[in-house]
1. Points 7 angstrom from Cα along the Cβ direction at residue 392 and residue 255: gap in nanometres?
2. Of 208, 386, 91, which is farthest towards the positive pole of the chain's charge dipole, taken about the Cα centre with +1 and -1 on the beta-carbons of Lys, Arg and Asp, Glu respectively?
3. Among all stretches of the chain without exposed GluC sites (Glu not before Pro) (DSSP loop, at most 13 other Cβ atoms within 10 Å), which one is longest?
4. Remind me, relative contact order of the stretch 13-391 in percent, using alpha carbon pairs under 8 angstrom and six or more residues apart?
5. Lys/Arg Cβ at +1, Asp/Glu Cβ at -1, dipole of the stretch 13-391 taken about the Cα centre: which of 306, 186, 291 is farthest positive-ward?
6. Kindly state, to the nearest 0.05, the FRET efficiency for residue 56 paired with residue 6, given R0 = 51 Å and r defined as their beta-carbon distance.
7. Using the Cα centre as the reference, give the magnitude of the dipole from point charges on the C-beta atoms of the stretch 231-357 (Lys, Arg: +1; Asp, Glu: -1; all else neutral), rounded to the nearest 20 debye.
8. Which of the residue pairs 160/187; 66/174; 53/160 have a Cα-Cα distance greater than 19 Å in the structure shown?
Amino acid sequence: MNITHDILPWSHPDFRRNPYPWYARLQRDYPLYQENEHTYIISRYEDYIKYVKHPAMSMVEPDWVKPHNWHVFLDTILFYDPPKHTTTRRHTNKWFTPKLVAEWVKHTISVTEEALNRIEPDGYIEAHHHICVVPTHITMCRVLGVIEDEIELATLNSLKIVGMQTPAATQADKDRARDGFEWLFAKCKAMINEKRENPGNGLLDAMLTLEASGDMTYNEVLQTLVLFYFSGAPNPAYLLASILEHFAREPHLFELYRENPEVRQAMINEFIRLNPPEQSFTRYPTEDIEIRGVTIPAGSCIRFMTAAANRDETVFKRPNQFDHTRPQEASQHVSFGVGVHACAGQVISRAEVQASLDVIAQRFKRIELAEEPVTMNDDRIRNYITLPLIFK
């Protein structure tokens, strides 16, 4: 297999802004692309679905992978394989059943309504922070049963740690990530200490009970707390912000959403297909595996390109266009992953997004961009920095 180094220019500004032309070329000409000695890239939907579920695909990194900042999560589901992954995940899954999520999103609704009540007389609001981040962050804090302060610092440090996940990460990115992790871990250690002094009935309390019974270790409690605390807002916030930007640029879609409640879930699903917050992830096969006639050695890195699979034209007709009327068999995106490692927060993320949009649709008839939004994108993750909007 030829290794062609201009296929995925990870750090190029045009690629980071809009990687989809590169992904289309990748799918067409290099459906299994070997990026370097160790790393292979899967971009087609059928391969993504088939091989991410393969029992040999492991989260455990082989020895050749250099130590990195994200190893602070070694004692979480991010780095566990079944059966340990399944057992550990069971501790938190019970907190995100559809019935409980319906209660959690009541917090999202109330905080969103408070933000909308503070919109300036001309309709202006910096929507990313006030409408997208704050309600989802506070909701997760209330699930955990922890303090809701320092939201801006929590957001800033969450952005710092995701910036080093790209293959093009610089030393400066890695240094910022280290600083972000230090802040988040210090914050969460303080939350645990406070909780031991003043118990409650949140998810953190439940994890501390499991620690006392020997079913979780302190490191598992701490690292899982950090994971939920920092990730509880960015992904649903990005999804919501991307939809609001669509509504501002394409007013007919907001009108469709407002006037047709029966299509809202389908519309949200299609927006999530087009704009996955997490663009890719990696796995490491524990045995040699053959993909498209190529034997990939055990211990290699396989990068699954979620954003590319979501726009595979062999599955999604006119893949770059919004179409909420796609038949069910042609609308199964992979934005939340598939298999045992599918996103644990997808139920609450979807519910938060719809709850916020429904509140907005009840109160306003039009959304406009006040200024161009500012984003921070790479091959691994996408985030908004600002989204200035005017609601009318």
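1. 1.2
2. Checked the options; the winner is 91.
3. Result for the longest clean stretch: 151-286.
4. Averaging sequence separation for qualifying contacts and normalising by length gives 27 percent for the stretch 13-391.
5. Value: 291.
6. For residue 56 and residue 6, the calculated efficiency is 0.95.
7. Rounded to the nearest 20 debye, it is 100 debye.
8. Check vs 19 Å cut-off fails for 53/160.
Values in this text are rule-based calculations from the coordinates and carry no lab data. The structure displayed is predicted, hence computed values, not measured ones. Cβ atoms come from the backbone with ideal geometry, glycine included; neighbour counts cover every protein chain shown.
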